[in-house]
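See structure below.
The values are calculated or read from the model by the stated rules, or taken from the named source; none is laboratory data. The structure displayed is predicted, hence computed values, not measured ones. When we count neighbours, we look across all protein chains shown, and the Cβ atoms used for this are built from the backbone with ideal geometry, even at glycine. To get the accessible areas, we keep the full protein, side chains included, count just its heavy atoms, and leave off ligands, DNA and RNA. Shrake-Rupley method; radii C 1.70, N 1.55, O 1.52, S 1.80 Å.
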Amino acid sequence: MSTLIRKIFISFASFFLLIGFIVIGILWNYSNNIPDYKFLKNYKPPVSSKVYSGNGDLVADFSKEKRIFVPYSSIPKNVINAFLSAEDKNFFSHPGVDAKGVLRAMINNIQNMITSKRLEGASTITQQVAKNFLLTNEVSINRKIKEAILAFRIERSLSKERILELYLNQIYLGSGAYGVAAASLEYFDKSIKELNYQEAALLAALPKAPSKYNPYQNKNLAKFRRNLVLKNLLENNFINSKEYQILKDKKIKLKKKKKVFLEDSQYYIEDVRKKIIEKLTYEKVYNQGFNINTPINPELQKIATNSLRNGLIAYDKRKGWHGVLENKKINSNWSKDLEKYFLENSIGWKIAIIKKVDQFSAEIETQNNLKGIINYSDITWTKKNFKDLVKKGDIIYVKKISGSNFSLKQIPKINGGIVVMDPFTGRVLALSGGFSFKNSEFNRSSQALRQPGSAFKPFVYALALENDYTPSSLILDAPLVLNQGSDLKMWKPENYGKKFYGLSTLRIGLEKSRNLMTVRIAQDLGVDKVANFAKKLGIYNNPNKLLSISLGSAETTLLKLTSAYSAFVNGGKLVKPIIIDRIQDSEGNTIINNDKRVCIDCDKISFTSNEYPIIDDDYKKVFSNQTAYQVTSLLEGVVQRGTGKKLKKLKLNLAGKTGTTNDNTDTWFIGFTSNLVIGVYAGMDEPKPLGKYETGSKVALPIFEDFVKNAIKKSDARPFKVADGISMMVIDALTGQKAKFSSQDTIIEAYKKENIVDGKVLYSNNNRLDSNNVLKFY
């Protein structure tokens, strides 16, 4: 008997020894073929870079995945307890693999196989970390063995807290959110520190099947799964019975993360994205979690976008109807495959199909199944009747007016841009580069190179005032033929309207936008000097040195031109446009700061003292304070008496200049108050004439006007500050001479003090002007 027992014992021992060798062999084989896990010690998951407005609102993020990294110490206990109860209640006691959990899963799965139910897993949080970071989602024994080996090794290498930190920041929780912090914002618009147990339980319910239990898609199923997690919390003594009863009956309350003016800011945000990728590289921007502070003012941005759209639509309506989007067969699927026509929600238009047309109305159905009518009164701008306008099955844009009444819409063929800047710092407060970013991502504010036309003239006049001219200097407005060089034909500039006005003051030349006077001034100053001055101001890079440059024939962008106009407001300083204030890394270290101003002795000034801090800057001076104010005064005259007089009715302190190129191809208006510069451009993407009378004052100026009416209060448009060294004198507006009692039309003119002696204007410093203040050779 003892011999038999010994044989049985030896057989069993040999068997288990063989099994042991096989297991060791398998483990040895797998151990040599598993990924390196040591990088997890210092691993930081890819984190999105956030873009903030000037007042701290989140307006965008740049990421491949929605993720916000939070350290273990910042994750509240209720969130940790909820995930432990849902995924791995023995996490803090097992060595990486939970033997009890594996045994329980094996027993349950035997019953599940018999009843054809879904098999349950027994993966610990550590195993899930191994799978998520180092392995694939392949369902196989091969992967499970590697997963278990890695789990044991990870447990030896990392603390439990570090493993849980990796898990809670890496796990996918549906709706594009990775990690508990991003999911908290996605589902509740809350910081994780604000989550209660029922919300934490809902997040912990999601890893099992993020799409299936997504509360946005199926609240009932999500609640069922949440309540299972709450029951686990009760069983694990994290909550008591009373709390469980209260929590399980509560409804799921969701709140989508607020996106502040995101659609209205797309052109601006895209410029920010391109700029930081250029500086920091794509990989860093999309993985390292930068905090990007921009000057964008959400309220001004919204107004600017709406003003631009309204102005473009107004022009387009004057040109009539230019056709439907397409024609489709009317059935239940008509609204499919129309994504290419989708526009921003902020525009407020819907895609619709024409279902019936008669003489005075058309019946429509929108993409979201609303039925309505377009009445004849809403299509008068098309200059057509309904039968010639649309037919059954046509796809169009509509906008709801009231009840079941809709108006007909179309995307304007014209496009444009608007820029709003702080003239003292160059900070861009608002920018839009077109009617719709979804329709066209090309930015007409920062990318479109166009001729500024007469909008460039103020810089010619500024240069003249820097070179001994005065606002009342007389220039001849008469025909002029110029030789531009051996390879170029003779140039014969003309005024708009093709009229000539004889001797006129420099002020009148700018107010009325006289081309011939501007060319004569540029000829006198020298084309080299004009070109270099424009280059110095950052308007052009390397302009051709032709006299036509004085009329804005070279190409620039709206952003550059608007920035140059800032010098008239800030006292002649050159500021560069700033679309990024500051960039900080994920630990709060500043890596880029575009505010170059310095506060002098601020650390020595007490908050309770009457002393005021002195802010200094290193902005380059391009012309004098006096010249800056004189040009501002001239541009105020443009608004009061000249090409911008349509703005006079606003009764605000405004200055600005229209711009129109040959054949009315490009239109501009750049204007400013005492603290804002606003630039507007409108024209075709493929340049062509806009039509007769479609000038800067008719196309671009109304966009400026609409913005000013909605964005600027009277208290914000204070009178322009008169520079030191300026003297005022009442003069005859036509002759430029000191006013007499018999003068019919007088204005108060601004002169540099050195030009006035004993109440008279002196011109002796200018050897090109005769005793009557007229250019000698003209």
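For the range 390-437, just say rounded, prolate or oblate: build the C-alpha gyration tensor, square-root its eigenvalues into a ≥ b ≥ c, call rounded for a/c under 1.5, and beyond that prolate if a/b exceeds b/c, oblate if not. Numbers along the way, then the final one.
Working: a/c = 5.68, a/b = 2.62, b/c = 2.17.
Taking the square roots of the gyration eigenvalues as a ≥ b ≥ c, the range 390-437 is prolate.
Which semi-axis lengths, in whole Å and largest first, follow from the square roots of five times the eigenvalues of the Cα gyration tensor of the range 249-288? Let's see the in-between values first.
Working: eigenvalues 214, 52, 4 Å².
Whole-Å semi-axes of the equivalent ellipsoid: 33, 16, 4.
Can you give me the three principal axis dimensions of the range 195-311 from its C-alpha atoms, in Å, biggest first?
60, 36, 24
Run the accessible area of the range 360-400 with a 1.4 Å probe and give the carbon-and-sulfur part as a rounded percent.
Numbers: 1090 of 2210 Å².
Roughly 49 percent, rounded to a whole number.
Is the C-alpha gyration tensor of the range 303-343 telling us rounded, prolate or oblate? Criteria: a/c under 1.5 is rounded; beyond that, a/b larger than b/c is prolate, otherwise oblate.
Numbers: a/c = 4.50, a/b = 1.88, b/c = 2.40.
It is oblate, given that a/c is not under 1.5 and a/b is not larger than b/c.
Taking 2.2 N^0.38 Å as the expected size of a compact globular protein, what ratio does the Cα radius of gyration of the range 502-577 give against it, to two decimals?
On the way: Rg = 13.0 Å, N = 76, 2.2 N^0.38 = 11.4 Å.
Rg over 2.2 N^0.38 Å, computed on Cα atoms: 1.14.
Rolling a 1.4 Å sphere over the protein heavy atoms, what is the accessible area per residue of the chain, to the nearest Å²?
Numbers: 38360 Å² over 778 residues.
Heavy-atom SASA per residue in the chain reads 49 Å².
Among the helices of the chain (complete DSSP H runs), which have Cα atoms covering no less than 27 Å along the helix axis and a Kyte-Doolittle mean of at least -0.5?
Working: long enough: 2-31 (42 Å, 1.60); 298-318 (31 Å, -0.72).
For the chain, where a helix must reach 27 Å along its axis and average at least -0.5, the hits are 2-31.
Using a 1.4 Å probe on the protein heavy atoms only, what accessible surface does LYS255 show? Give it in Å² to the nearest 10.
Number for this one is 120 Å².
Between LYS688 and ASN544, what FRET efficiency follows from the Cβ-Cβ distance if R0 is 22 Å, with the result rounded to 0.05?
So the FRET efficiency works out to roughly 0.45.
Taking every DSSP beta bridge with both residues inside the chain, roughly what % is antiparallel (nearest 5)? Don't jump to the answer; show the numbers that get you there.
Numbers: 78 of 88 bridges.
Around 90 percent of the beta bridges assigned by DSSP in the chain are antiparallel ones.
What is the extension gain from GLU494 to GLN288, computed as 0.36 nm multiplied by their sequence separation minus the C-alpha to C-alpha distance, in nm to one decimal? Walk me through the numbers on the way to the answer.
On the way: separation 206, 0.36 × 206 = 74.16 nm, distance 5.74 nm.
Going from the current span to full extension adds 68.4 nm.
Can you tell me the FRET efficiency between LYS340 and LYS64 if r is taken as the Cβ-Cβ distance and R0 is 30 Å, rounded to the nearest 0.05? Provide the component values of the computation, followed by the final result.
Values: r = 25 Å, r/R0 = 0.83.
Working from the Cβ atoms, E equals 0.75.
What's the FRET efficiency of LYS391 with ILE8 using the Cβ-Cβ distance as r and R₀ = 56 Å, to the nearest 0.05? Don't skip to the answer; put the middle values down first.
Numbers: r = 94 Å, r/R0 = 1.67.
Efficiency computed from Cβ-Cβ geometry: 0.05.
Mind sorting out which of (1) 52.2; (2) 33.3; (3) 73.1 is the real mean projected area of the Cα convex hull in nm² computed from the coordinates?
(1)
Please tell me the relative contact order of the range 395-501 in percent, rounded to the nearest whole number, where contacts are Cα pairs under 8 Å and at least six residues apart.
Details: 94 pairs, mean separation 13.0, N = 107.
Relative contact order here is 12 percent.
Taking a ≥ b ≥ c as the square roots of the eigenvalues of the Cα gyration tensor of the range 485-541, is the shape rounded (a/c under 1.5), prolate (a/b larger than b/c) or oblate?
Values: a/c = 2.14, a/b = 1.30, b/c = 1.65.
It is oblate, given that a/c is not under 1.5 and a/b is not larger than b/c.
With contacts defined as alpha carbon pairs under 8 Å and 6 or more residues apart, what's the relative contact order of the chain in percent? Could you put the intermediate results ahead of the total?
Numbers: 1414 pairs, mean separation 83.2, N = 778.
Rounded, it is 11 percent for the chain.
Figure the gain on full extension for LYS279 and SER404 (residue separation times 0.36 nm, minus the Cα-Cα span) and round it to one decimal in nm. Please report the intermediate quantities before stating the final value.
Numbers: separation 125, 0.36 × 125 = 45.00 nm, distance 5.14 nm.
Result: 39.9 nm gained on full extension.
To the nearest 500 deg cm²/dmol, what mean residue ellipticity at 222 nm is calculated for the chain from DSSP H runs of n ≥ 4 alone, each contributing -39,500 (n - 2.57), summed and divided by the residues? List each step's numbers first, then the result.
On the way: 22 runs with 266 residues, N = 778.
Per the formula, -10500 deg cm²/dmol.
With a 1.4 Å probe and every protein chain kept in, tell me what percent of the accessible surface of the range 641-766 is carbon plus sulfur. Mind dumping the intermediate values first?
Working: 3240 of 6390 Å².
Looking at the range 641-766 in its full context, I get 51 percent from C and S.
Hey, got the dipole for the chain? About the Cα centre, +1 on K and R Cβ, -1 on D and E Cβ, debye to the nearest 20? Please report the intermediate quantities before stating the final value.
Values: 117 positive and 75 negative charges, 477 e Å.
Charge dipole, the chain, about its Cα centre: 2300 debye, nearest 20.
Using a 1.4 angstrom probe on heavy atoms only, work out the carbon and sulfur share of the accessible area of the range 529-610 in %.
Numbers: 1870 of 4070 Å².
It is 46 percent, rounded to a whole number.
Along each of its three principal axes, how wide is the spread of alpha-carbon positions in the range 613-696, in whole angstrom units, largest first?
52, 30, 20
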